[in-house]
Amino acid sequence: MPTTTRNQSRARRHIVAACIGAAAFLNGCSTLGLGGSKDEGVPGVVGSVRGFLGGAAADEPRAALVARDILSAGGSAADAAAAAALTLTVTYPGQLPLGGGGMCLVASGTGRVRTVETVSFPAVAARPDSTVATPGLPRGLFAMQARYGRLRWEQVVAPAENLARGGTTATRALAIDLARNWNVVSADPALAAIFSRDGQPLTEGQPLAQPLMGAVIGALRQRGPGELHQGITGQQLALAAQAAGIDLRFEDLAAGVPQILPAFNAGGTFDFFVAAAPAVGSLATAQLYGALERSWRATPADLRAGLMLATAAAASRDRAQWLGPDLSNRVALGDALAPARLRALAGGGGQWAAEPDTQAGTALSVIDRNGMAVACSFTGVQPFGIARLPQGIGFLLAPAPTAENSATRWLTAAIALRDRQTVIFAGAASGGIAAPYALSQTVLGVLADQLTLDRALDQARAAPLPDGRIGVDGPGLVPALAARGYRAAEVAGGIGRVQAVYCAEGATERSETCRIETDRRGAGFATGSQ
């Protein structure tokens, strides 16, 4: 029998609040069917699809619920992921502003996967001296939805627009993010006016309205993302930015065309795909998984964190040899991630190569009833982007990425296939440099150690901190790592956050064996037929 996902019982209040907020534009929150129906429903009508829908996991509950409703309206995983991402720009803008960017891995096909591709759309600097990035998100989501979607673009955009225009309530995820970054938010009067009440950051359940942002998203719905880059909305954005002393020119908005590339297959027992475009987090995940896949299950549980850290140190030095400062590959990925080279990294130890870390971003994973899976990692480069909301703009821009401003490099997602044709795992992670540690350990847990997805997510984690210590999120790890010579310290909030789908028998058409889970280190939500 189907069962609820792990965080559903813990977050019922989020469902109730989200249903109330979504009812005005999504015809109410639908109940997932229990499988087997051949009713494909009426495209675009929420709740019309019956039977197994698939599911979604996201760092913020309302985004997962919007994705679920898109699936129940006959949308594909790509439709649902695009709708959820746009929702995050309204309900979780500190980690994904509309001016941000990211990348998604897409395993497309019906039942049997035909291809795994990377859709890359980072926020980019239009000029060498740019201080503000050109938004990558709208055009990237549009490209993904146009290639893999089933619904109309305006149906995918409408939920986010209505949440911004009509208002919603702050979820626990947003409240935590505001409290954590209140010094940044409170420094800008316009930003503080939206995200505070009586001089204090919004708390869970308090109203949140962003009508100006709703107007911008409405323009994207009506005229497509080109409106932001070549249309009147783009012209108004540039003028408002310049009036506020922000060096963003209208011609800058033409930069940053999304790319669709084949994903890189790092191999192993399963076909393990990561982003082919420069995304250090995904490449680091492939290194760690490939190096430890054979030895992970045979390693005692109390020694795994030390093995992971020793391998990660060797992997960081290896990356420094073949990944340039501009994240270009100096050698072919096939050589850099060759199985023999990866296995040689296992337990290598030594000093880490210096890698900057900025913890700003979020992730989501979606699977649909036909076996299409999407895993996305996003960032606004810094928490709350440029942390300024000039008059008339309505949404947050991202700062131009630099070598020091490094959140873009830690975009992290992976998809694994069984027998080269069916999805067995799809996951993405956030948390800066901790993201690949979190995702690779989760993948090793389910694929190598054969744990259930919730148990794999619950394993204590460790990752390097900028000050040279090792951060841990399980007290039992401190003495274990100290015995190996590491200086370990517990980290509030945990090491990374993973949003994942695991299908033990493969995600075939109408598969009902998939587990969809959110990381309990955050305040996200997972929803789906189980």
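Worth pointing out:
- Given (1) touching a strand residue (DSSP E or B) at 6+ places or on another chain (Cβ under 7 Å); (2) more than 16 Å from Pro278 (Cα to Cα); (3) open to solvent by 40 Å² or more (accessible area, probe 1.4 Å), number of the condition Gln351 does not satisfy: (1)
- Those strands (runs of 3 or more DSSP E) lying entirely in segment 472-522 with at least 2 residues not aliphatic (A, V, I, L, M): 497-503, 514-518
- Every condition in (1) in a strand (DSSP E or B); (2) of a type outside the set (Phe, Trp, Tyr); (3) farther than 24 Å from Ala56 by Cβ is met by Cys376 except one, and the failing one is (3).
- Search result, residues across segment 436-465 that are outside any helix (DSSP H, G or I) and either within 18 Å of the chain's Cα centre (by Cα) or β-branched (Val, Ile, Thr) (or both): Thr452
- Picking from residues in segment 267-288 that are open to solvent by less than 10 Å² (accessible area, probe 1.4 Å) and part of a strand (DSSP E or B), the one that is farthest from Ala507 (Cα to Cα) is Val274.
- Residues that are in contact with a helix residue (DSSP H, G or I) (Cβ under 9 Å, 6 or more places away or on another chain), assigned to a loop (DSSP other than H, G, I, E, B), farther than 19 Å from Met103 by Cα and modelled with pLDDT of 90 or more occur at least once in segment 298-320.
- Selection count where residues are of a type outside the set (Phe, Trp, Tyr) and either closer than 24 Å to Asp519 by Cβ or open to solvent by less than 10 Å² (accessible area, probe 1.4 Å) (or both), scope segment 370-393: 14
- Residue selected from segment 391-431 under the condition within 21 Å of Arg127 (Cα to Cα) and among the charged types (D, E, K, R), by the criterion nearest to the chain's Cα centre (by Cα): Arg409
- Hits in segment 227-251 - residues which are touching a residue at least 24 places away in the same chain (Cβ under 8 Å) and either open to solvent by less than 70 Å² (accessible area, probe 1.4 Å) or within 30 Å of Ala179 (Cα to Cα) (or both): Leu228, His229, Leu237, Ala240, Ala241, Ala243, Ala244, Ile246, Asp247, Leu248
- One residue from Thr452, Thr508, Thr518 being open to solvent by 50 Å² or more (accessible area, probe 1.4 Å), farther than 24 Å from Arg294 by Cβ and of a type in the set (Ser, Thr, Tyr): Thr508
The values are calculated or read from the model by the stated rules, or taken from the named source; none is laboratory data. Everything quoted here is computed from the prediction, not taken from an experiment. All Cβ positions, even for glycine, are placed from backbone atoms using ideal geometry, and neighbour counts span all protein chains on display. For accessibility, only protein heavy atoms count, side chains too; no ligands or nucleic acids. Shrake-Rupley method; radii C 1.70, N 1.55, O 1.52, S 1.80 Å.
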